[in-house]
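What follows is a short report on a single structure.
The values are calculated or read from the model by the stated rules, or taken from the named source; none is laboratory data. Quantities reported herein were computed from a predicted structural model and do not represent experimental measurements. Positions of Cβ are backbone-derived with ideal geometry, glycine not excepted, and every protein chain shown enters the neighbour counts. The area values use the complete protein model at the heavy-atom level, side chains included, leaving out ligands, DNA and RNA. Shrake-Rupley method; radii C 1.70, N 1.55, O 1.52, S 1.80 Å.
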Amino acid sequence: MSRQGPDETTEPTLSPLRPVALALCALSAAMVVLSLVSDGNAFSDSWWLAAFVLWLLLWGTLRSMTRGIAERPVAGLDERERGLRDRVSFIGYQCAVGAGMAVVLLMVAFQDEPAVIERMPALLTTLMLTSSALPSILLGLSGARVENAETYPDE
């Protein structure tokens with residue numbers, strides 16, 4: 001005789017974090033391209049500036065959605081959450097170092113080409129912003145269950 005539980009469907013629900021994280025990744029890639037193909041300084045390019053404003057809005061949204069793990073005191077995290085937060089923070093740090101070095105190497109390689117050097121500030125800005133947002137992006141893509149930080153008061 002088989003025992004059946006309540007009739008529940010166990011369809012996976014799409015976390016609202018994933019689309020925001022994917023949009024932020026796509027926008028970061030578009031900003032890298034825009035910073036490299038702009039006519040001169042990308043900070044004066046309206047497309048790059050519009051992407052920058054949209055990027056800030058998406059990042060703020062994603063950051064507020066992942067702050068349950070990202071900003072909660074260590075005492076309020078379980079072992080899995082603490083490990084996940086530490087891992088994504090380390091990955092973001094490593095990407096920031098690598099991105100900075102890549103821009104420096106590009107500047108050294110193209111030091112005699114002012115048109116390329118003129119584009120480096122926007123490229124560096126885009127890569128540093130993306131690196132700083134990478135922990136939130138990875139938390140969003142991981143599908144981690146993220147609770148609201150207000151449910152865990154500071155200790």
Count the net charge of all other residues whose Cβ sits under 10 Å from the Cβ of Ala42, scoring Lys and Arg as +1 and Asp and Glu as -1.
-> -2
Quick one: how many Å² of Asp78 are accessible to a 1.4 Å probe, rounded to 10?
-> 70 Å²
Charge sum, other residues only, whose C-beta stays under 15 Å from Glu113's C-beta, Lys/Arg counted +1 and Asp/Glu -1 = -2
Excluding ligands and nucleic acids, what accessible area in Å² is computed for Met65 using a 1.4 Å probe, to the nearest 10?
-> 60 Å²
Rounded to the nearest 10 Å², what accessible area does Ser44 show when all protein chains are kept and the probe is 1.4 Å?
-> 90 Å²
Rounded to the nearest 0.05, what FRET efficiency do Met101 and Val74 have when you use their Cβ-Cβ distance and R0 = 41 Å?
-> 0.85
Neighbour cut-off at most 15 other Cβ (10 Å), DSSP loop, GluC sites (Glu not before Pro), the stretch 12-110 = Glu71
Give me the distance in nm between label points sitting 7 Å out from Cα along the Cα-to-Cβ direction at Trp47 and Gln111, one decimal.
-> 3.2 nm
